[in-house]
Amino acid sequence: MKYLVMVQGAQADYDAMDGKGSPHSPAWNDQDKQAMFTFMRELNDDLAASGELVDGNGLAGPARTRFVGAGPAGQPVITDAPYGETEPVLAGYWVLDCAGLDRVTEIAAHIARCPQPAGAPEYPVVIRPVMEGEDDGGS
């Protein structure tokens with residue numbers, strides 16, 4: 001079964017990782033960032049070695065987001081990120097092929113323990129099954 005495993009963050013968190021802390025998220029130093037990158041690299045290596053990693057990436061900050069919709073005449077309507085500084089958005093993801101919900105939950109619990117500075121916001125790790133057939137929709 002394939003699962004999308006997602007982590008969240010806000011623009012203030014991206015800014016904090018660049019050393020610009022705020023009341024929402026304390027500034028990260030180089031050691032904080034290195035600890036997170038080492039943790040993620042080891043996690044990805046382990047998932048690749050187990051054959052469970054299909055894909056995964058971190059995403060650019062919300063300030064670099066663009067929304068494309070359709071205007072009244074069908075023309076594209078493009079807007080920049082309407083997110084507030086502290087509104088959580090998708091920050092990164094993994095597509096995993098796991099034996100079942102128990103295994104992907106174990107992985108998500110590990111991801112939730114990623115090192116970060118004291119006082120940084122803690123976001124839940126979100127697990128969503130990937131639809132693989134017409135009957136996977138509903139509840």
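I'd like the full set of residues that are closer than 17 Å to Met17 by Cβ and among the basic types (Lys, Arg), limited to the stretch 48-86.
If the condition is that a residue be closer than 17 Å to Met17 by Cβ and among the basic types (Lys, Arg), then Arg64 is the only one that fits.
Table: residues versus (1) open to solvent by 30 Å² or more (accessible area, probe 1.4 Å); (2) within 15 Å of Asp13 (Cβ to Cβ); (3) in contact with a strand residue (DSSP E or B) (Cβ under 8 Å, 6 or more places away or on another chain).
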{"site": "Ala73", "(1), (2), (3)": "yes, no, no"}
{"site": "Pro76", "(1), (2), (3)": "yes, no, yes"}
{"site": "Thr79", "(1), (2), (3)": "yes, no, yes"}
{"site": "Tyr83", "(1), (2), (3)": "yes, yes, yes"}
{"site": "Pro88", "(1), (2), (3)": "yes, yes, yes"}
{"site": "Asp102", "(1), (2), (3)": "yes, no, no"}
{"site": "Thr105", "(1), (2), (3)": "yes, no, yes"}
{"site": "Pro115", "(1), (2), (3)": "yes, yes, no"}
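Has the stretch 38-52 got any residue that is surrounded by fewer than 11 Cβ atoms within 10 Å (Cβ to Cβ) and under 17 Å from Arg113 (Cα atoms)? So that I can check it myself, show each step before the final result.
Applying the first criterion (surrounded by fewer than 11 Cβ atoms within 10 Å (Cβ to Cβ)) to the stretch 38-52 yields 41-42, 49, 51.
Filter once more, so that each one left must be under 17 Å from Arg113 (Cα atoms): 41-42.
Checking the stretch 38-52: at least one residue is surrounded by fewer than 11 Cβ atoms within 10 Å (Cβ to Cβ) and under 17 Å from Arg113 (Cα atoms).
Give, as residue ranges, the strands (runs of 3 or more DSSP E) completely inside the stretch 1-108 that count at least 3 residues that are in contact (Cβ under 8 Å) with a residue 40 or more places away in the chain. Can you show your working first?
Working: elements: 2-9, 53-58, 66-70, 76-80, 89-97.
So the answer is 2-9, 53-58, 89-97.
Would you mind finding the one in Ala27, Ala81 that is at pLDDT 95 or above and touching a helix residue (DSSP H, G or I) at 6+ places or on another chain (Cβ under 6 Å)? Steps first, answer last, please.
Values: Ala81 fails: at pLDDT 95 or above.
Step by step, each of Ala27, Ala81 is checked, and only Ala27 is at pLDDT 95 or above and touching a helix residue (DSSP H, G or I) at 6+ places or on another chain (Cβ under 6 Å).
Take the residues in the stretch 59-71 that are small (Gly, Ala, Ser) and surrounded by 12 or more Cβ atoms within 10 Å (Cβ to Cβ), then tell me which one is farthest from the chain's Cα centre (by Cα). Walk me through it before giving the result.
Kept after step one, since they are small (Gly, Ala, Ser), are these residues of the stretch 59-71: 60-61, 63, 69-71.
When the remaining residues are screened for being surrounded by 12 or more Cβ atoms within 10 Å (Cβ to Cβ), the result is 61, 63.
Details: Gly61: 11, Ala63: 15 Å.
Looking at residues that are small (Gly, Ala, Ser) and surrounded by 12 or more Cβ atoms within 10 Å (Cβ to Cβ), I get Ala63.
Just checking, does the stretch 102-109 include any residue being within 24 Å of Lys33 (Cβ to Cβ), of a type outside the set (Val, Ile, Thr) and at pLDDT 90 or above?
Yes, that holds for at least one residue.
Looking only at the stretch 90-100, how many residues end up being in contact with a strand residue (DSSP E or B) (Cβ under 7 Å, 6 or more places away or on another chain) and open to solvent by 60 Å² or more (accessible area, probe 1.4 Å)? Before the answer, list the steps.
First, pick out the residues of the stretch 90-100 that are in contact with a strand residue (DSSP E or B) (Cβ under 7 Å, 6 or more places away or on another chain): 90-98.
Imposing the further condition that a residue be open to solvent by 60 Å² or more (accessible area, probe 1.4 Å) reduces the set to 90, 97.
Number of matching residues: 2.
Of the conditions (1) buried (at least 16 other Cβ atoms within 10 Å of the Cβ); (2) modelled with pLDDT under 95; (3) farther than 18 Å from Leu4 by Cβ, Lys33 fails just one. Which one is it?
Evaluating Lys33 over (1) buried (at least 16 other Cβ atoms within 10 Å of the Cβ); (2) modelled with pLDDT under 95; (3) farther than 18 Å from Leu4 by Cβ leaves (2) as the failure.
Would you check which residues across the stretch 22-46 are more than 25 Å from Gly84 (Cβ to Cβ) and in contact with a Cys (Cβ under 9 Å, 6 or more places away or on another chain) and list them?
Answer for the stretch 22-46, where residues must be more than 25 Å from Gly84 (Cβ to Cβ) and in contact with a Cys (Cβ under 9 Å, 6 or more places away or on another chain): Ala35, Phe39, Met40, Leu43.
The values are calculated or read from the model by the stated rules, or taken from the named source; none is laboratory data. Source: prediction; values computed, not measured. Cβ coordinates were reconstructed from backbone atoms using ideal geometry, including for glycine residues, and neighbour counts include every protein chain displayed. Ligands, DNA and RNA are excluded from the accessible area calculation, which covers all protein heavy atoms including side chains. Shrake-Rupley method; radii C 1.70, N 1.55, O 1.52, S 1.80 Å.
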